[in-house]
Amino acid sequence: MKHRARASRDLTFPYARLQMFYWMNMAVTAGYASFFLLGAKLTNSQIGLLLAAGGLLSALIQPLLAAFADKSSSLSVRFLMMLMSALLLACALLLAFLYHGGAAAVSVIYLLAYLIMLLQQPFLNAIGAESIDAGRRLNFGLSRAFGSAGYMAAAFLLGQFSVHTGPVLVPAGIAAASSALLLASAAYPKVQKHSQQVGDASGKNDGAAQSETLPAASRSRAEGSIFSFFTRYPQYAIALAGLLPVFIGHIYINNYLLQIVESKGAGSSSMGNLMSVAALLELTVMLIYGKLRTWRPDPFWFRISGIFFTLKVLLTLLAPTIGFLYPVQLIQPLGWGLLSVSSVYYISETMAPSDKVKGQAFFTAVFTLGNVLGNLTAGLLLDHGGVFSMLLCGSVVSASGAALLLLSGRLPANRENT
């Protein structure tokens, strides 16, 4: 009976299903956006503008939607996940129906699908946080690893089959992932709704921590202005300034991988293979990061991740053929994989409790801004200078960001707030 009680309280695997299906949708909707939209006769500049608009709209709408969910006594974040999954499914069906129609209609529907997918991410994290608040056992790190596994599987399968079906497979992939996420959300156990979310899940959840920020309205209200926050943590201000250009370079090789592989003489199948290899390698860092922490402190891993982001962009530029891009993916776990985990612990350990969620919020804000600027500039660079121009610019920009990240370690941390 005790074993059953413990099992009923453990939500790791129900939550892992949510992570897996969400990141499968991310692989399809974001990873294959260029593949689908180029097939719909959009230019690179138009694709960049569309994806940038989605990122900007998500940043504007997310706080409003989160505030509504936080104030509502009847709507749970779980219900909102179900609702948004149903809307994504409807968008996918419309995209399949309108694909051979006008590019304008396809663009609007795809923008809506991309926006909904981005809006789901903080609510996905909030479901986990509510479960933890309710005293349920949840290993976030393991659950997030399932997300990377789902991303890997979706990227690989679409890459293999899209060669035969063409871009119309993308709406089918969105529909499948959205349907699975809808069912997984409906099956997820109901937990008590709390007005505030925890900012640090470590300690009572197998050392797991949240890798993304929670909805804005669910955050505990830290005292003080933005200026006073960065006065307390000047090293973090420099780090964020470095992360912005690093994220821009990351967007170049993440959202425009199809154009890159085509410049190397390959197609969508190779793109899917590269995406799946990168996601698989990310798992290594997510699963062993606890041991890395015993070797060097979290700020060390946080700061050096920028070096590997830059190396990946640079080596992608220098790769003469598609075959050389596969060993380049070995850098992935030391870039994005390392940053996504170390950033949470870095913020948790260097900031006062009242500032931790602010730190996560600024991290997400910088990533969103990097997404917008990266998509805007990538499309223009591709149309006017080609892949070489985009990757050269990305290498230089990312290198400047990596330098700032390293420089942030030379400033003393404010230990009074830790």
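The values are calculated or read from the model by the stated rules, or taken from the named source; none is laboratory data. Since the model is a prediction, treat every value here as computed from it, not as a measurement. Methodologically, a virtual Cβ is constructed for each residue, glycine included, from the backbone with ideal geometry; neighbour enumeration extends over all protein chains shown. In case anyone asks, the SASA skips ligands and DNA or RNA and just uses the protein heavy atoms, side chains included. Shrake-Rupley method; radii C 1.70, N 1.55, O 1.52, S 1.80 Å.
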Reported to the nearest 10 Å², Asp10 has, with a 1.4 Å probe, an accessible area equal to 50 Å²
If each part is reduced to its alpha-carbon centroid, region 222-270 and region 85-147 end up apart, in Å, by 21 Å
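Assuming R0 = 30 Å, what is the FRET efficiency of Ala134 and Ile226, from their Cβ-Cβ distance, to the nearest 0.05?
0.40
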Rounded to a whole number, the Stokes-Einstein D of region 137-178 in µm²/s (Kirkwood radius over Cα pairs; 20 °C; 1.002 mPa s) is 186 µm²/s
For the chain, shape from the Cα gyration tensor axes a ≥ b ≥ c, cut at a/c of 1.5 then a/b versus b/c, turns out oblate
For region 272-363, the Cα convex hull volume per residue in Å³ comes to 101 Å³
Summing -39500 (n - 2.57) over every DSSP H run of at least 4 residues in the chain and dividing by its residue count gives a helix-only mean residue ellipticity at 222 nm, to the nearest 500 deg cm²/dmol, of -26500 deg cm²/dmol
For region 68-146, averaging the sequence separation of alpha carbon pairs under 8 Å that lie six or more residues apart and dividing by its residue count, the contact order in percent is 31 percent
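Can you tell me the accessible area per residue over the chain, all protein chains present, probe 1.4 angstrom, in square angstrom?
40 Å²
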Residue span Phe97 to Leu64: 0.36 nm per residue of separation minus Cα-Cα distance leaves a gain in nm of 8.7 nm
Residue span Thr321 to Thr165: 0.36 nm per residue of separation minus Cα-Cα distance leaves a gain in nm of 53.6 nm
Carbon/sulfur accessible area of region 276-346, % of total, 1.4 Å probe, equals 76 percent
Heavy-atom accessible area with a 1.4 angstrom probe orders Leu89, Leu243, most exposed first, as Leu89, Leu243
Share (percent) of C-alpha pair distances in region 243-286 greater than 12 Å works out to 65 percent
Accessible-area order for Tyr236, Tyr99, largest to smallest, probe 1.4 angstrom, reads Tyr99, Tyr236
Highest GNM mean-square fluctuation among Ala52, Ala149, Ala186, for the chain with Cα springs under 10 Å, belongs to Ala186
For Leu287 the rounded accessible area (nearest 10 Å², probe 1.4 Å, non-protein molecules ignored) is 110 Å²
With all protein chains present and a 1.4 Å probe, the order of Thr294, Thr12 from largest accessible area down is Thr294, Thr12
On each of the three principal axes the extent of the alpha-carbon atoms of region 318-377, given in whole Å and largest first, is 50, 27, 11
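In percent, how large is the relative contact order of the chain, given Cα pairs closer than 8 Å and 6 or more residues apart? Let's see the in-between values first.
Values: 693 pairs, mean separation 108.9, N = 418.
It rounds to 26 percent for the chain.
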